[in-house]
1. At a Förster radius of 30 Å, what calculated FRET efficiency corresponds to the Cβ-Cβ distance of residue 151 and residue 91, to the nearest 0.05?
2. From the backbone phi of the range 267-283, what are the Karplus-calculated ³J(HN,Hα) couplings (6.51 cos²θ - 1.76 cosθ + 1.60, θ = phi - 60°) in whole Hz, Gly and Pro given as x?
Amino acid sequence: MEIQAFWRAMIPSLSRAISMPSPSSAPSIGRPVLLLLGSGAAFGSVYALAKPVLAAGISPLLLILLQALGGGAIILALAIARGRAPRLSPLFLRYYAIGGSLGFAVPNALLYAVIPHVGVGIGATITSLSPLFTWGMARLIGMEPHSARRALGLATGFAGAALLAARGGLAGGIDLWFLLGLLVPAMLAFGNIYRTVAWPRGEPPLPLAAGMLLAGGLAAAPVALLAGALTPDPAALTGAAPLIAAQVALYAAGYVLLYEVQRIAGPVFLSQLGYVIPPVGLLWGIGAFGEVLSLLSWAGLGLIAAGLVLVNMRRR
């Protein structure tokens, strides 16, 4: 009860959000699953394309800034074209600021900081832990009823993610950096919960997604400026420009789908993006970078798929 009182005090709209439809009450699970897979494919592709961009000498902070501002500008144009520009009242500005900074800028900056120390495979796999964090937070504040089947599905997906991480060798001196990396799924989970409990009543996804991404870019800008990331090598920036443009477009598409999934299916269902992104990254590694999957990797992919089925299968 104390935890629920804390969240209600922190986010006044919690009581309304708890009454939002859950995935189990949705008339059809097919559309949310397709939207989830599309969003996960977009974000997984973004992380894969980041590898050559960062290798070209582009700062991670500059990359986050360009992704956020570019993707936000695209979504903003779509929202304005539909006559739904983002609102700028204090309630909405707070939503954009918290969702954009704590749900986007900070976890992405942490992820890019951890990857050089733990490796791309383990770094990407860290994001697959967000469903468990989201499930735990949602259970604590009373947003999700107990479900042994869904809990088993999330645990199965977590086991698959652990196998994917093991393929890189967890004993390779990644201790403190790996522990720091755990803040990434924790903050992603907070973002999943916050976007639902603070969702302004009746507001469509597009203006909220635009406001959040633009706020995330503005939050990253001062840090990028202090770090000297805003003055890249012109040749490196020119060479990486096509890949950065592709990432911006993918980010815009991914967040449009993300907000629609969140609106119709809730934060715990949305958190399973963490199970979709690592397999997409692995497939990119096979097709574009010539990486070879081990038996542990294939077993991990199978468990992740099984976890998604268990979580999403409807009761008879």
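1. 0.30
2. Karplus-based 3J(HN,Hα) across the range 267-283 equals x, 5, 4, 4, 4, 6, 3, x, 8, 8, 5, x, x, 4, x, 5, 5 Hz.
Any read-out appearing in this document is the output of simple, stated calculations on the displayed coordinates, not a laboratory observation. Since this is a predicted model, take the numbers as computed values, not measurements. Note that each Cβ is placed from the backbone with ideal geometry, even for glycine, and that neighbours are counted across all protein chains shown.
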